[in-house]
Amino acid sequence: MKISGDCMTALKFYLLTDTHYFEESLGAEGKAYEEYMKTEAFYLRESSAINKTVFTKLKEDSETDLIIIPGDLSKDGEYESHKSLVKELNALKESGKKIFVITAGHDYNEYGKCYKNDEVVKVKGTTLDELYNLYYEFGYKDALSVDKETLSYVAEVAPLTRLLAFNCDSKNETKGTIDSRLLMWAKEQIDDARKANAYIFAICHYPVIPSVPVFDLVGDAKVKNWKEVAAFLADNGVELIFTGHMHIQSINEFFTENGNRLVDICTSTTVGTPGKYRKIEIDETGKMNVKSIPVCDFPVELNGKTYEEFFDWRFDYSVKNKINKIFEGGSGAVKILKKLARKLLNSIKLGTLSKLLFIKIDKSLKKKKLIDFAGEIGTAIFKGDQPFVKGTPEYDAIFKALKRLDFILKKVEAKLSKNGEKPDLTYMILNSIGNNKGYSDNNAVINLKGKIL
Ligand SMILES: [Fe+2]
Ligand SMILES: [Fe+2]
């Protein structure tokens, strides 16, 4: 495939990410496990069963032979989890699939953890060298160039189609950064692809464009120097990047001053809400069809829930526990105040809160607890296509609350301003709770600039 021309070859592949594969036989039971899972947003004991079901579905699609996985392959770098995942990937390969992966922060560790006899037990972790060897067959073996320092690579994944695989998460010092040295290496790879008349697209574990506007304020939610990287890619003719890390469904566009565009398609984890993977089909005219497929049919006890409810429950439960943990501990007056704050947070209803803020909200929201409302908004953000747009009671309530709290927001904005740029928190929040982009985060048709051949 390459930009412009007459000859036609389409490209089809599956994009799944953040498999967080955990080898169940390591141990995932007991009191320490239950305690840990109170604040974990994705499934651990069930991870191998869920991922194996996804792999089986990929195997069944005989028309699509390419699979791409941009990182966080294992739970937390357990060597045994990697070994088991590699076994699964080898089985996929034997069924005729070509698989390209990059590794990320959850894939290397001095030691991993498992849970046995009510205790946390240390298990062998994985080094970067071991990762290179473990996943040699899934990218590095066929690479045209490897940046050994970061384990980034370029490979031809289909005729005249190259994958620029950035590993921005292989070193703690430059975690989440694509530095100028790596960009120089990337420039050589892009130029090389151009010389060969090959189309080139990219993957990176971290989103390059913040998935929702408020994530621009969260350090670890996107590539740290994201504007530089987005402009570099777009202005060098790389229009498409697939990312993960945030476990979120989002599609975003970034335009450079020269009018060039980067499209960042970020995909959820397979083992937690929203539990989706993507099928990408690009036809000969450059029309890209992005389809999101729900992870389901896995052989796990759902406790009467649907697959979607099963994933949502874990996210909601873990977020509420995390919030409550903030209000734990302390001594004396601090402990009493924290306890009161926790009680208030867990019981206050939107009707009461609206009275305290002197705002009117829709009747349908009044009996809803603040903590449940926050959970709903959070889950909606990670699922993409957030429904809380202008005209909905939720938008209206949040808009009025933000207006009422404007004097506080102004102070926060002043504190957050960088290089003379002040964030508009009201705009960022309202465009994070509602998708106003004019296209879906889950299923979209995107016309790429170049035609494909
Ligand atoms: Fe992840
Ligand atoms: Fe990650």
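Taken together, the values in this text are just the output of simple stated rules run on the coordinates, not laboratory data. Source: prediction; values computed, not measured. Cβ placement follows ideal geometry from the backbone for every residue including glycine, while neighbour counts extend to all protein chains displayed.
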| field | Equivalent ellipsoid semi-axes - Cα gyration tensor, region 190-241, angstrom | value | 26, 9, 8
| task | Take the alpha-carbon centre of region 98-142, take the same for region 263-319, and report the distance between them in whole Å. | result | 23
| Rg and Dmax of region 223-277 over Cα atoms: what are they, in angstrom? | 12.5, 40
| note | Taking only C-alpha positions in region 294-357, Rg and Dmax in angstrom work out to 17.2, 50
| query | Taking Cα atoms of region 185-340, Rg/Rh with Kirkwood Rh, to two decimals? | reply | 1.11
| remark: The percentage of Cα-Cα pairs in region 371-415 separated by more than 18 Å is 42
| request: Per residue, how big is the convex hull around the C-alpha atoms of region 86-164? Give it to me in cubic angstrom, could you? | output: 104
| query | When the helices in the chain are scored as -39500 (n - 2.57) per DSSP H run of 4 or longer and the sum is shared across all residues, what 222 nm value do you end up with, to the nearest 500 deg cm²/dmol? | reply | -11000 deg cm²/dmol
| task | Nearest 5 is fine: what % of DSSP beta bridges in the chain come out antiparallel, could you say? | result | 65
| Which order, highest average first, do 290-298, 21-29, 161-169 follow once you tally other Cβ atoms within 10 Å for each residue and take the mean per peptide? | 161-169, 21-29, 290-298
| note | With x for Gly and Pro, the residue-by-residue ³J(HN,Hα) of region 257-267, computed from phi through the Karplus equation 6.51 cos²θ - 1.76 cosθ + 1.60 at θ = phi - 60° and given in whole Hz, is 4, 7, x, 8, 10, 10, 10, 10, 10, 9, 10
| query | When averaged across all projection directions, what area in nm² does the alpha-carbon convex hull of region 127-212 cover? | reply | 6.2
| said: I'm checking a number: the convex hull volume of the Cα atoms of region 336-445, normalised per residue, in Å³. What is it? | reply: 140
| query | With no solvent and one point on each alpha carbon, what is the Debye value of log10 I(q)/I(0) for region 119-273 at q = 0.10, 0.14, 0.17 Å⁻¹? | reply | -0.37, -0.71, -1.04
| request: Would you list, by chain and number, the aspartates and glutamates whose Cα falls below 18 Å from the Cα of Lys57, excluding same-chain residues fewer than 8 positions away? | output: Asp18, Glu46, Asp65, Glu88, Glu94, Glu281, Asp297, Glu308
| message | Sort 152-158, 129-135 by packing, meaning the average of other beta carbons within 10 Å per residue, with the highest value first. | response | 152-158, 129-135
| remark: Note: region 262-413, point scatterers on Cα, Debye, no solvent; log10 I/I(0) at q = 0.12, 0.15, 0.16 Å⁻¹ equals -0.75, -1.03, -1.11
| said: Could you tell me the ratio Rg/Rh of region 24-141? Both radii from Cα atoms, Rh via Kirkwood. | reply: 1.00
| task | Would you be so kind as to identify which of Gly286, Gly332, Ser318 lies farthest towards the positive end of the dipole of region 285-354, taking Lys and Arg as +1 and Asp and Glu as -1 on Cβ and the Cα centre as origin? | result | Gly332
| request: For Lys343, go through the lysines and keep the ones whose alpha-carbon is under 16 Å away, minus same-chain ones fewer than eight residues off. | output: Lys320, Lys322, Lys325, Lys335, Lys368, Lys369
| With Cβ to Cβ distances under 15 Å as the rule, what net charge do the other residues near Lys97 carry (K, R +1; D, E -1)? | +1
| task | Can you tell me the alpha carbon radius of gyration of the chain divided by the globular rule-of-thumb value 2.2 N^0.38 Å? | result | 1.02
| query | When ranked by the protection proxy of mean other Cβ atoms within 10 Å per residue, highest first, what sequence do the peptides 187-195, 394-402 form? | reply | 394-402, 187-195
| request: With just the Cα atoms of region 256-304, tell me how far they stretch along each of the three principal axes, in Å, largest first. | output: 53, 26, 12
| So what's region 8-54 giving for Rg/Rh, alpha carbon basis, Kirkwood Rh from the mean inverse pair distance? | 1.21
| said: If a paramagnetic tag sat 7 Å from the Cα of Thr306 along the Cα-Cβ line, which residues of region 357-391 would have the backbone N under 19 Å from that point? | reply: 376-388
| When the Kirkwood hydrodynamic radius is evaluated over all pairs of different C-alpha atoms of region 51-204, what value in angstrom, to one decimal, is obtained? | 16.5
| Where Lys and Arg each count +1 and Asp and Glu each count -1, what net charge lies around Phe382 among other residues with Cβ under 14 Å from its Cβ? | -4
